[in-house]
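Scroll down for the structure; my scribbles are underneath it.
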Amino acid sequence: CSARTLHVNDPPYDDYFYSDCHVDAQAVVTSPLSDSNLSIIGPRFIVAWPAGNSGICTYFQPQNGKNGTLAIELVNSTLGTPLGPINSRIRGSPNPVVGVEGVLSFNNSAELSLAILGSINNILDFIEGGSTLTPVIQRGINVTRFQNNGAQISRLWLDNVTTSTLTLVPWNNNDARVRINGTKLKFGSGFYHFSASYNYPQLKQLSPSQTLNNQSQSLVQQQPATVGSLSFLSYSEKLIAGGWGSFIYSGRDSLLTGLLLSNVLSTDAMETVIGAALERINRTDGSVCHEEQIGDYATLVNMQNGLTSTAPSCTYEMIDTDYFLLILLERYFGTAKPERIQSLLQTKAGSVNPNNKNLTWGDLSYTTASKIMNATAPFEQAQTVKNLIAFKPGENVGQWRDSKYGNANGRIPFDVNTALAPAALYAISKLANMSGIYPNNSETSDWVAIAARRAKVWEDNTLPFFQHSITTDTAVSRLEQYTHQSTFYKGPTHGDSVTKFSSNGTIIDYGLSIHSVDTPDIIPISHTDSACRHYLLNSTNDEQLTTFINATANAILRPFPAGLSTPLGLVVANPSLSNDSTLFKNFTNAAYHGTVVCGWQLAFAARGLEKQLGRCNATDGTTPPAFCNDESVYNALRDAYNKLWDQIEQNESR
């Protein structure tokens with residue numbers, strides 16, 4: 001098959017993607033700019049492969065020049081434009097050696113000061129984990145002479161089968177030479193032929209046309225870069241979470257992709273999303289896999305646990321992924337052909353997760369549904385904080401805001417309780433009403449009625465636990481406090497928008513989370529997770545819905561820091577009205593889940609607002625919600641929707 005390539009330039013990073021019938025790879029060149037922070041941005045070259053979540057990472061520094069003077073780049077050559085394929089057989093290996101090659105250009109004499117070969121996890125441990133190196137990994141690196149004037153860096157994986165190899169040889173300069181000094185290399189300026197390869201089983205990538213349904217095939221020509229990106233992340237076994245730092249199955253990311261792209265994904269792609277989630281369920285308690293541990297890293301984790309095994313494993317610390325799976329199952333099964341549903345559910349498990357052998361995907365789906373039914377039952381009986389869904393014991397994260405301060409140390413998240421739990425219960429009710437989805441037994445016989453009734457209880461009674469309010473005068477005062485204390489924002493307070501976009505002198509909002517059962521304080525951070533409820537539910541509690549929609553719309557219409565809107569889109573969290581200097585410090589534009597813009601949250605918000613607006617012009621005979629006839633609320637929702645789309649369209653090229 002013909003090769004497919006993609007180039008994404010985002011200085012100081014240059015990303016190159018290469019795919020053909022034999023290998024899928026991404027190369028990333030980092031070359032500092034004149035204004036780069038040289039303490040964190042340095043010359044670096046990475047080649048990474050989704051198969052095995054594997055890669056080779058090399059760091060360079062100038063031999064003689066000042067830090068920041070060394071620039072590197074990939075250039076077109078007879079070897080590739082700029083990447084070309086490697087595919088060869090070696091005796092004794094069941095797998096071919098695959099990879100990419102090309103030419104690197106160095107503007108000055110350089111030293112390759114560090115190489116990490118093997119798992120992306122180990123590379124990220126160094127990049128994001130305070131320069132942490134794993135001794136057993138680094139001890140395996142072997143540097144030898146290659147082709148008289150070049151050098152080869154290789155490492156045998158912990159499986160004693162796979163070898164990662166990087167070679168560097170002068171290109172069109174026979175007088176040049178790569179000098180070896182231990183595990184470091186030194187060489188002059190100029191061009192160098194590199195090859196990066198390994199002998200590991202490859203995944204089967206879905207082509208652009210295979211990822212889309214028949215109605216969406218025109219997008220292959222209309223949006224080739226976008227569809228090409230989706231294709232690079234789509235495989236017959238699974239969808240991966242993202243580029244080289246996320247070359248793994250991620251339950252939440254995959255299921256969100258299925259939800260947001262359900263109207264364009266092919267049947268094969270959708271069933272890949274669902275099947276990958278079902279295959280990796282924990283058979284013991286029904287938890288859905290958050291992230292897989294594969295390749296060399298799986299062997300390392302097994303070794304650390306006293307096991308001699310290359311078997312992959314999963315982490316199960318998240319609580320939201322269980323609910324997303326049931327929601328997506330109902331979305332797909334509601335329109336799929338019965339024979340496709342049964343074929344999927346009857347698939348024998350254990351091909352990826354050996355612990356699931358002797359079960360089917362249908363068995364595992366039932367286990368997760370039972371888990372959700374059990375977890376949500378207490379709240380139906382007594383609507384208390386104690387009976388809300390909290391993070392698992394011993395875990396400080398449990399949903400998509402899974403960084404240290406993502407939920408501000410709160411353990412009871414807004415989205416899981418007010419949106420995902422009721423939506424999943426509605427899904428279970430509908431699934432239980434379909435033939436052959438769940439076993440016909442005493443537990444499931446009443447699920448159609450029980451799950452629907454319970455969903456309504458969760459839908460109507462969870463929002464009040466997170467609702468809080470302040471006067472507009474207090475809000476203006478707090479904005480002044482925030483702009484004075486903020487370490488990154490020194491602009492206007494936009495306090496004038498507080499009065500304009502509020503409710504009769506009051507700002508009503510919904511907290512990001514609740515601290516804990518023992519300390520049930522609402523954490524008053526504004527956020528975008530309201531979009532999850534708008535997208536997944538059609539509440540019929542008119543008074544509550546009108547208040548909630550008005551609060552959501554007003555938060556979008558107010559410019560940051562008074563609200564969520566910035567020229568780049570909505571920030572996912574805003575602590576400005578919290579009156580808490582600790583939250584100001586922890587939720588900045590440098591925090592992973594702080595005052596930053598997140599693409600999929602914008603998509604969720606757009607789809608959620610669109611869905612609620614659509615209820616006002618429904619043609620299915622349903623009664624429009626009361627907010628549709630409240631001119632101020634409806635106009636606020638419409639204006640917020642338009643403002644959001646203006647932001648999205650203005651930043652399409654970013």
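The values are calculated or read from the model by the stated rules, or taken from the named source; none is laboratory data. Computed from a predicted model, the values in this text were never measured in an experiment. Ideal geometry is used to build each Cβ from the backbone, glycine not excepted, and the neighbour counts take in all protein chains shown.
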Tally of residues being touching a Gly at 6+ places or on another chain (Cβ under 9 Å) and acidic (Asp, Glu) across segment 272-291: 2
Filter segment 373-411 down to the residues that are surrounded by 22 or more Cβ atoms within 10 Å (Cβ to Cβ) and free of Cβ contacts under 8 Å to residues at least 60 places away in the same chain and list them by number. none
Helices (runs of 4 or more DSSP H) fully within segment 246-346 counting 2 or more residues that are hydroxyl-bearing (Ser, Thr, Tyr), buried (at least 22 other Cβ atoms within 10 Å of the Cβ) and at pLDDT 95 or above: 251-260, 295-304, 320-333
Give the number of residues within segment 528-586 that are part of a helix (DSSP H, G or I) and over 18 Å from residue 405 (Cβ atoms). 23
With the requirement that a residue be over 16 Å from residue 541 (Cβ atoms) and not in a loop (DSSP other than H, G, I, E, B), what does segment 422-445 give you? 424, 427, 428, 429, 430, 431, 432
Given (1) among the small types (Gly, Ala, Ser); (2) more than 30 Å from residue 278 (Cα to Cα); (3) touching a strand residue (DSSP E or B) at 6+ places or on another chain (Cβ under 6 Å), where does residue 516 come up short, assuming only one miss? (3)
Out of all the residues in segment 308-353, which are farther than 16 Å from residue 429 by Cα and among the hydrophobic types (A, V, I, L, M, F, W, C)? 311, 314, 318, 319, 336, 341, 344, 345, 349, 352
Residues (in contact with a strand residue (DSSP E or B) (Cβ under 9 Å, 6 or more places away or on another chain) and part of a helix (DSSP H, G or I)) located in segment 359-391: 361, 385
Identify, please: which residue in segment 18-65 is part of a loop (DSSP other than H, G, I, E, B) and among the hydroxyl-bearing types (Ser, Thr, Tyr) and is, among those, farthest from residue 154 (Cα to Cα)? 34
Test residue 486 against the stated conditions and say whether it is out of contact with any Leu (no Cβ under 8 Å at 6 or more places or on another chain), of a type in the set (Gly, Ala, Ser) and modelled with pLDDT of 95 or more. yes
Condition test on residue 509, is it in contact with a Ser or Thr (Cβ under 7 Å, 6 or more places away or on another chain) and either not in a helix (DSSP H, G or I) or not β-branched (Val, Ile, Thr) (or both)? yes
Do you know which residues across segment 514-528 are closer than 17 Å to residue 571 by Cβ and among the small types (Gly, Ala, Ser)? 526
Out of the residues in segment 462-475 meeting the condition of being surrounded by fewer than 18 Cβ atoms within 10 Å (Cβ to Cβ) and assigned to a helix (DSSP H, G or I), tell me which one is nearest to the chain's Cα centre (by Cα). 464
If we ask which residues in segment 476-496 are part of a loop (DSSP other than H, G, I, E, B) and not polar (S, T, N, Q), their number turns out to be 7
Single unsatisfied condition, residue 169 versus (1) in contact (Cβ under 8 Å) with a residue 60 or more places away in the chain; (2) crowded, with 16+ Cβ neighbours inside 10 Å; (3) β-branched (Val, Ile, Thr): (1)
Is it fair to say residue 117 is within 22 Å of residue 49 (Cα to Cα) and more than 28 Å from the chain's Cα centre (by Cα)? no
Considering each of 82, 12 in turn, give the residue that is over 17 Å from residue 202 (Cα atoms), free of Cβ contacts under 8 Å to residues at least 40 places away in the same chain and under 29 Å from the mean Cα position of the chain (by Cα). 12
Only unsatisfied item for residue 622, checking (1) in a helix (DSSP H, G or I); (2) more than 22 Å from the chain's Cα centre (by Cα); (3) surrounded by fewer than 22 Cβ atoms within 10 Å (Cβ to Cβ); (4) not charged (D, E, K, R), is (1)
